[in-house]
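Quick notes on the structure that follows.
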Amino acid sequence: HAHYSFQNSQTRSHNTIEIDGTAQSWTQNLSDSASKGNIDIVSNAGVSNIRAWTKATTNFTHYRNVSYIKGLGSFMVVTDKVVPSNTSSHTYRQNWHCAPYSNPSIASNVHDTGKTAYASGSNLIIAQAYNIHNTALNTEITATLQTGYDSSAPTTTTKYFEYKQTKSGVATYQTVLYPVPAGATATV
């Protein structure tokens, strides 16, 4: 369909980080097993953890750690760290997609916290963790809603969350994905 390229070939159409507006390479270093990436999975009664890395963007290593915190108020913490091979300034866009009709919004007065607002059912809060002791860090990442497409409704536009930062050196995101049961309210 008309939006196949967006959904299949663009980094921004996935829940990951796009660097300098360049899509990750599907074939980058595929013959070199050390460059493909790696994954570790660890689980216990309190947390399940997945750690992975990739070099799918030339001259960058992207590390992702996903921790599912179990128990009352179960939620996930996603830690992304992107290490460039140089000290130049780069633009990083971390994307989080939701299904059509999620009615997403961003609360600019709460550190650009994203929220879905489905008419019925559970919702999701997407919150960037900030250093509350250093207000200078609170302006590093800005959130916007971008337009995309969903594979279940390829002709329907959807909105997705984009968290952007431009910086030199290592770029990090600490993202809390907090589910909110139907009819409940929560803040992160």
* **Residue list for the stretch 97-117, restricted to those being surrounded by 15 or more Cβ atoms within 10 Å (Cβ to Cβ) and assigned to a loop (DSSP other than H, G, I, E, B)** => HIS97, CYS98, SER102, PRO104, HIS111, ASP112, THR116
* Asked: Does THR155 satisfy the criteria of being at pLDDT below 90, over 19 Å from VAL82 (Cα atoms) and open to solvent by 70 Å² or more (accessible area, probe 1.4 Å)?
  -> yes
* Does the stretch 125-132 include one or more residues that are at pLDDT 90 or above, hydroxyl-bearing (Ser, Thr, Tyr) and in contact with a Leu (Cβ under 8 Å, 6 or more places away or on another chain)? -> no
* To do: Just give me the residues in the stretch 17-46 being surrounded by 15 or more Cβ atoms within 10 Å (Cβ to Cβ) and at pLDDT 90 or above, in sequence order.
  => ILE17, GLU18, ILE19, ASP20
* Within the stretch 88-96, is even one residue exposed (fewer than 13 other Cβ atoms within 10 Å of the Cβ), at pLDDT 90 or above and of a type outside the set (Phe, Trp, Tyr)? -> yes
* Just for the stretch 40-62: of the residues that are part of a loop (DSSP other than H, G, I, E, B) and β-branched (Val, Ile, Thr), which one is nearest to LEU72 (Cα to Cα)? -> THR57
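The values are calculated or read from the model by the stated rules, or taken from the named source; none is laboratory data. As the structure is a computational prediction, the values presented were derived from the model and not from experiment. All Cβ positions, glycine included, derive from the backbone under ideal geometry; neighbour counts span all protein chains shown. These area figures cover heavy atoms from the full protein model, side chains too; ligands, DNA and RNA do not enter into them. Shrake-Rupley method; radii C 1.70, N 1.55, O 1.52, S 1.80 Å.
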